[in-house]
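For reference, the structure is listed below as structure tokens.
No value in this document is a laboratory result; all are computed from the given coordinates. All of these numbers come straight from a predicted model, not from anything done at the bench. Glycine also receives a Cβ, built like all others from the backbone with ideal geometry; neighbour counts cover every protein chain displayed.
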Amino acid sequence: MSRWGPASAFAAPRLRRDKKAGPYVLQGLLGAIAIAFAVLAYSYLTLPDVRLLKTNNPQTTAFMELRAAEARAKGQQPRRAQRWVAYGRVSPNLTRAVLVAEDDLFWQHEGLDFDQLQESLALDWARGRFTRGGSTITQQLAKNLYLSPSKNPMRKLRELLIARRLEAELKKARILELYLNVIEWGDGIYGAQAAARRYYAKPVSDLEPAEAAGLAAMIPNPRRINPLVDPRRHARAQRRVLWLMASAGYIERDAAGLAEAVRGRGVEVSGVRGHARLLSPLVAGSLERAANLAEAMEARGFGSGAPTRAPSPDWRFADYAALAAGAALVAAAVLWL
């Protein structure tokens, strides 16, 4: 008997089992693809009509309603301080501070920053949960207007698609105006005008660079990074925004009061390329991106007025890219389940 004889006795049954399992695996794969496609189609077809935002200011947002429901659940009366202000009446200091802090490629991208999205997905995958943000201003606006703050993949998918629609229908200046007027800036405080009145007792048009940096620093977590709640934490965040503004050439270091702030921290904020010594990889990267933002705005002629966006060569391609990114999120969620 051949030495391979005993092994061959088991080979045939195993092969038969593999052949029986094959169709089930294929059916499962096709079923998963069909479900993912149905989810994408449903998400796309049920998106809100953002065209109304061209000429109408929203009376409320999903995030405002969420905060009101939270207050009522605690037996409290919901608070809401908000004063709408036109984009042209917002201090350029605040506009620049928000852009360098939250979305330095705002004037360049079409709703999605794929580099940031890739970094967020990689970090979330490594941690095994959705934690990192990485959203553009347009995505943040979509979430505030229509969605919840949860980080589940379906909510993120809708956020991506709504962001694409906002970019397709609205001018960049209008998107930024909406954003600055609806985001939260503390308990019951919404919009830059109400925030400027609350924290600095002046209209948003009169904000100085340090004050603008103070407001921009609050955006990631306005109830905690707040000068009335944790002054030291807020001051640290404010200094970071001032560094970014100075590195982008928007303010002078001495005029911004940065000389004392950076002393002993190993950072020179004037002229980021070749002059910024290491504070941390995060800040170094942010400084470089801030400088890129200043160059992009200058190249496109964006000043203190209301800029417009050059027409995109192909919006449809970007829509497909958004759908692909959403499919990747759905696939990641399925793998983690």
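Near the amide H of Ala81, under 5 Å away, which other amide H atoms are found, from residues 5 or more places off or on another chain, if H is placed in the peptide plane?
HN-HN under 5 Å from Ala81: Ile189, Tyr190.
Extending each Cα 7 Å along its Cβ direction at Ala168 and Arg51, get the distance between those two points in nm, one decimal.
Placing both labels 7 Å beyond Cα along the Cβ direction yields 1.2 nm.
Rounded to whole Hz and in sequence order, give me ³J(HN,Hα) for segment 91-98 from the Karplus expression 6.51 cos²θ - 1.76 cosθ + 1.60, θ = phi - 60°, writing x for Gly and Pro.
So the J values, rounded to whole Hz, are 4, x, 4, 6, 4, 5, 4, 5.
Under 15 Å from a point 7 Å along the Cα-to-Cβ line of Gln77: which residues of segment 182-201 have their amide N that close?
Within reach of a label on Gln77, which here means backbone N under 15 Å from a point 7 Å along Cα→Cβ, segment 182-201 contributes 188.
Under the rule of at least 5 residues apart or a separate chain, name every residue whose amide H is placed under 5 Å from the amide H of Ile251.
Here the answer is Ala246, since their amide H atoms fall under 5 Å of that of Ile251.
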